[in-house]
Amino acid sequence: MRILVTAGPTREYLDDVRYLTNASSGRMGYAVAESAVAAGWDVVLVSGPVELKPPEGCEFVAVETTEEMRRASVDAFPGCDGVIAAAAVCDYKPLARFTGKLSKTGGPVSLEMIETDDVLAELGSMKGHRWVVGFALEAQNPRENALQKLRRKNCNWIVLNNPSAIGSESNDVELLDETGETVAHWSGPKTEIADSLVQWLCSRTGG
């Protein structure tokens with residue numbers, strides 16, 4: 001079994017020194033990659049900037065922007081059996097990136113934003129015989145939004161969690177399938193949840 005794992009945040013630059021991002025630590029994705037390696041899987045870990053050491057035994061690709069993550073993931077996915085997309089991708093970017101450093105003017109600054117490319121949706125569109133596990137971090141209407149994301153992005157399963165997971169060493173998640181059924185519920189350290197997720201996938205995918 002060879003899988004792709006995405007992890008960590010991405011950055012979208014306003015100018016040459018400032019950027020938009022989020023507080024993702026990358027712990028969930030790195031824990032998944034480590035558990036998958038321990039299960040005997042070949043792992044390609046595509047990661048945004050985090051302060052974590054990649055697990056030994058995986059193929060590691062460091063990225064920064066959403067486009068870099070999209071390109072690395074799309075390149076790696078055809079050679080994999082599945083993907084676990086745990087990255088917290090930046091959803092918006094400035095319409096234009098300023099050269100140099102923006103200086104203070106004493107007045108307000110208006111910034112026009114556009115959506116970034118949807119990495120998970122692109123992987124879902126090209127999955128073919130492969131399986132896709134997405135992550136949905138939802139604050140309002142969590143189950144409904146997670147199921148919409150699962151179907152819109154052509155996932156086989158989606159891991160539903162909430163904003164308290166950001167930057168934390170623990171998590172509380174539900175694993176939902178295409179019918180909307182909760183097929184698993186795990187709570188505790190992210191390392192233990194990762195082990196449970198990988199073991200569950202092993203039993204369902206023949207890994």
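The values are calculated or read from the model by the stated rules, or taken from the named source; none is laboratory data. Computed from a prediction, not measured in an experiment: that's the story for all the values here. Cβ coordinates were reconstructed from backbone atoms using ideal geometry, including for glycine residues, and neighbour counts include every protein chain displayed.
Across the stretch 57-78, what is the total count of residues that are of a type in the set (Asp, Glu) and either modelled with pLDDT under 95 or assigned to a helix (DSSP H, G or I) (or both)?
Kept after step one, since they are of a type in the set (Asp, Glu), are these residues of the stretch 57-78: 59, 64, 67-68, 75.
When the remaining residues are screened for being either modelled with pLDDT under 95 or assigned to a helix (DSSP H, G or I) (or both), the result is 67-68, 75.
Residues in the stretch 57-78 being of a type in the set (Asp, Glu) and either modelled with pLDDT under 95 or assigned to a helix (DSSP H, G or I) (or both): 3 in total.
Results for (1) under 26 Å from Asn162 (Cα atoms); (2) at pLDDT 95 or above; (3) more than 14 Å from the chain's Cα centre (by Cα), shown as yes or no for each residue.
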position	(1), (2), (3)
Cys80	no, yes, yes
Val89	yes, yes, no
Ser103	no, no, yes
Glu115	yes, yes, yes
Glu122	yes, yes, no
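Return the residue satisfying two criteria in turn: it lies in the stretch 44-56 and is touching an Asp or Glu at 6+ places or on another chain (Cβ under 7 Å) and in a loop (DSSP other than H, G, I, E, B), and of such residues it is farthest from Asp16 (Cα to Cα).
Among those that are touching an Asp or Glu at 6+ places or on another chain (Cβ under 7 Å) and in a loop (DSSP other than H, G, I, E, B), it is Pro55.
Look through Gly167, Gly107 and report the one residue that is surrounded by fewer than 13 Cβ atoms within 10 Å (Cβ to Cβ), more than 18 Å from the chain's Cα centre (by Cα) and in a loop (DSSP other than H, G, I, E, B). Steps first, answer last, please.
Working: Gly167 fails: more than 18 Å from the chain's Cα centre (by Cα).
Testing whether each residue is surrounded by fewer than 13 Cβ atoms within 10 Å (Cβ to Cβ), more than 18 Å from the chain's Cα centre (by Cα) and in a loop (DSSP other than H, G, I, E, B) leaves just Gly107.
Just for the stretch 155-164: of the residues that are assigned to a strand (DSSP E or B) and out of contact with any helix residue (DSSP H, G or I) (no Cβ under 6 Å at 6 or more places or on another chain), which one is surrounded by the fewest Cβ atoms within 10 Å (Cβ to Cβ)? Break it down stepwise before answering.
Quick first cut of the stretch 155-164, residues assigned to a strand (DSSP E or B) only: 157-161.
From what is left, the residues that are out of contact with any helix residue (DSSP H, G or I) (no Cβ under 6 Å at 6 or more places or on another chain) are 157, 159, 161.
Working: Trp157: 20, Val159: 27, Asn161: 22.
Among those that are assigned to a strand (DSSP E or B) and out of contact with any helix residue (DSSP H, G or I) (no Cβ under 6 Å at 6 or more places or on another chain), it is Trp157.
Does the stretch 176-204 hold any residues that are exposed (fewer than 15 other Cβ atoms within 10 Å of the Cβ), assigned to a helix (DSSP H, G or I) and either at pLDDT below 95 or hydroxyl-bearing (Ser, Thr, Tyr) (or both), and which are they?
Result: Ser203, Arg204.
Scan the stretch 122-144 for residues that are within 21 Å of Gly29 (Cα to Cα) and touching a strand residue (DSSP E or B) at 6+ places or on another chain (Cβ under 9 Å) and report the count.
Initial filter on the stretch 122-144 (within 21 Å of Gly29 (Cα to Cα)): 122-124, 127, 130-139, 142.
This time we only want the ones that are touching a strand residue (DSSP E or B) at 6+ places or on another chain (Cβ under 9 Å), so: 123-124, 127, 130-138, 142.
Total satisfying the criteria: 13.
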